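Engineer: Provided herewith is a single structure, encoded as structure tokens, for subsequent inquiry.
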Amino acid sequence: MFPILRKERLAPGINLFEIKAPKIARHAKPSQFIILRLHERGERIPLTIADHDPERGTITIVAQEVGKTTHELGTYEEGDAILDILGPLGRPSHIDRFGTVVMIGGGVGVAEIYPVAKAMKEVGNYVISILGFRTKELVFWEDKLRNVSDEVIVTTNDGSYGMKGFTTHALAKLIEEGKRIDLVHAVGPVVMMKAVAELTRQYGIKTVASLNPIMVDGSGMCGACRVTVGGQVKFACVDGPEFDAHLVDWDELMKRLTYYRELEIMSFERWKGREGR
Ligand code: FES
């Protein structure tokens, strides 16, 4: 069992959990993830390791309540425990001294860019973080990203905080201003990552995206996380989760993410009924 040491509500529907998992905390690297199962009857879901502390033996995950398991996880409190956590999984980010790196996080993707931004900064890159949210009340970790970035730009779709618009608008502005950008790293909704890739392609800016397909086993055996990159079949859990964003078949990824939508809704409704919510 993996005890929850700390829970924090970062924004409506977005929860942080610091969990005791010493072995994972010792080995975790930026961009790696875990697969957890809450209890015997739980499904397996992947979540990025947003932070880790080898000395405390803890990992931090940030989960948005979108489906049955993430809502159920949202009911867990400090002192509760998670049955299984598998990890760290996936290949770590390629951290190097690229020059100027633009980190783009959309929604809960902001938590996922944090460890990468931190590592990029530590090796001497100039880090610009663009954090995109729908609206002001959903903004979180702006301070945390400021600590590991040279510049931070916050965007909200409705203009209630920071720059009005999408992360791509902020990125386009940087490009138009003539900012030299050596690498863009994007994590967030597929539509956002696709839009970032389309923009940077025009300027030949190397772009990496961290993909979020459905995962089951997390070890390259089940095929659930299959993606097409540069015309080749890849498994995001073992070959990724990061890939060259200009080579990803985004439309296929979007389609595959909807395969189980009806079943997901049914399962969520059943859970809500049982919980009396
Ligand atoms: S999750 Fe099964 S192959 Fe990747």
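Engineer: Among 205, 159, 238, whose Cα sits farthest toward the positive end of the charge dipole of the stretch 145-255 (+1 at Cβ of Lys/Arg, -1 at Cβ of Asp/Glu, about the Cα centre)?
Structural biologist: Working it through, the farthest residue towards the positive pole turns out to be 159.
Engineer: Separate question: When only Cα pairs under 8 Å and 6 or more residues apart are kept, what is the percent relative contact order across the chain?
Structural biologist: Across the chain, relative contact order equals 16 percent.
Engineer: Report, to the nearest whole %, how much of the accessible area of the chain belongs to carbon and sulfur atoms, 1.4 Å probe, protein only.
Structural biologist: On the way: 6460 of 13020 Å².
Carbon-and-sulfur percentage of accessible area, whole number: 50.
Engineer: What's the magnitude of the charge dipole for the chain around its Cα centre, counting Lys and Arg as +1 and Asp and Glu as -1 at the beta-carbon? Answer in Debye, nearest 20.
Structural biologist: Details: 36 positive and 37 negative charges, 29 e Å.
Its charge dipole is roughly 140 debye.
Engineer: Test of understanding: what is the full-extension gain from residue 244 to residue 136, defined as 0.36 nm times their sequence separation minus their Cα-Cα distance?
Structural biologist: Working: separation 108, 0.36 × 108 = 38.88 nm, distance 3.09 nm.
Using 0.36 nm per residue and subtracting the Cα-Cα distance, I get 35.8 nm.
Engineer: Hey, another quick one. What percent do you get for the relative contact order of the stretch 93-210 when only Cα pairs under 8 Å and 6+ apart count? Don't jump to the answer; show the numbers that get you there.
Structural biologist: Working: 236 pairs, mean separation 32.2, N = 118.
Computed value for the stretch 93-210: 27 percent relative contact order.
Engineer: Under the rule of -39500 (n - 2.57) per DSSP H run of 4 or more residues, summed and divided by the residues of the chain, what mean residue ellipticity at 222 nm is obtained, to the nearest 500 deg cm²/dmol? Don't skip to the end; give the middle numbers.
Structural biologist: Numbers: 9 runs with 84 residues, N = 277.
Result for the chain: -8500 deg cm²/dmol, rounded to the nearest 500.
Engineer: Accessible area per residue for the stretch 24-156 in Å², computed with a 1.4 Å probe and the full protein assembly in place, what is it? Walk me through the numbers on the way to the answer.
Structural biologist: Values: 5420 Å² over 133 residues.
Result: 41 Å² per residue.
Engineer: May I pose another question? Let me know the Rg and Dmax you get for the stretch 2-89 when you use only its Cα atoms, in Å.
Structural biologist: Just the Cα atoms of the stretch 2-89 yield Rg and Dmax of 11.7, 33 Å.
Engineer: Next question. Taking the radius of gyration and the Kirkwood hydrodynamic radius from Cα positions alone, what is the Rg/Rh ratio for the chain, to two decimal places?
Structural biologist: Details: Rg = 18.1 Å, Rh = 19.1 Å.
With Rh from the inverse mean 1/r over Cα pairs, Rg/Rh is 0.95.
Engineer: Ordered by residue, what ³J(HN,Hα) values in Hz, to whole numbers, does the stretch 110-122 give under the Karplus form 6.51 cos²θ - 1.76 cosθ + 1.60, where θ = phi - 60° and Gly and Pro are x?
Structural biologist: Once θ is set to phi - 60°, the couplings for the stretch 110-122 become 4, 5, 7, 7, 3, x, 6, 4, 4, 5, 5, 5, 4 Hz.
Engineer: Follow-up. For the stretch 63-172, build the convex hull from the C-alpha positions and give me its volume per residue in Å³.
Structural biologist: 136 Å³
Engineer: If amide H atoms are built 1.01 Å from N in the plane of the peptide, which residues on other chains or at least 5 residues away come under 5 Å of the amide H of residue 211?
Structural biologist: Amide H to amide H, under 5 Å and 5 or more residues apart or across chains, residue 211 pairs with 242, 243.
Engineer: With θ set to phi - 60° and the Karplus curve 6.51 cos²θ - 1.76 cosθ + 1.60, what are the ³J(HN,Hα) couplings of the stretch 182-188 in order, to the nearest whole Hz, using x for Gly and Pro?
Structural biologist: Those phi angles translate into 9, 7, 10, 10, 10, 9, x Hz.
Engineer: Could I ask something else about it? Using alpha-carbon pairs under 8 Å, 6+ residues apart, how would you state the relative contact order of the stretch 1-102 in percent?
Structural biologist: On the way: 208 pairs, mean separation 37.0, N = 102.
Relative contact order, the stretch 1-102: 36 percent.
Engineer: What's the center-to-center distance, using Cα atoms, between the stretch 136-173 and the stretch 204-251 in Å?
Structural biologist: What the calculation gives is 26 Å, centre to centre.
The values are calculated or read from the model by the stated rules, or taken from the named source; none is laboratory data. Since we're looking at a predicted model, the values are computed, not measured. Don't worry about glycine lacking a Cβ; one is built from the backbone with ideal geometry, like all the others, and counts go over all protein chains shown. Protein only, heavy atoms only, side chains kept; ligands, DNA and RNA dropped before computing areas. Shrake-Rupley method; radii C 1.70, N 1.55, O 1.52, S 1.80 Å.
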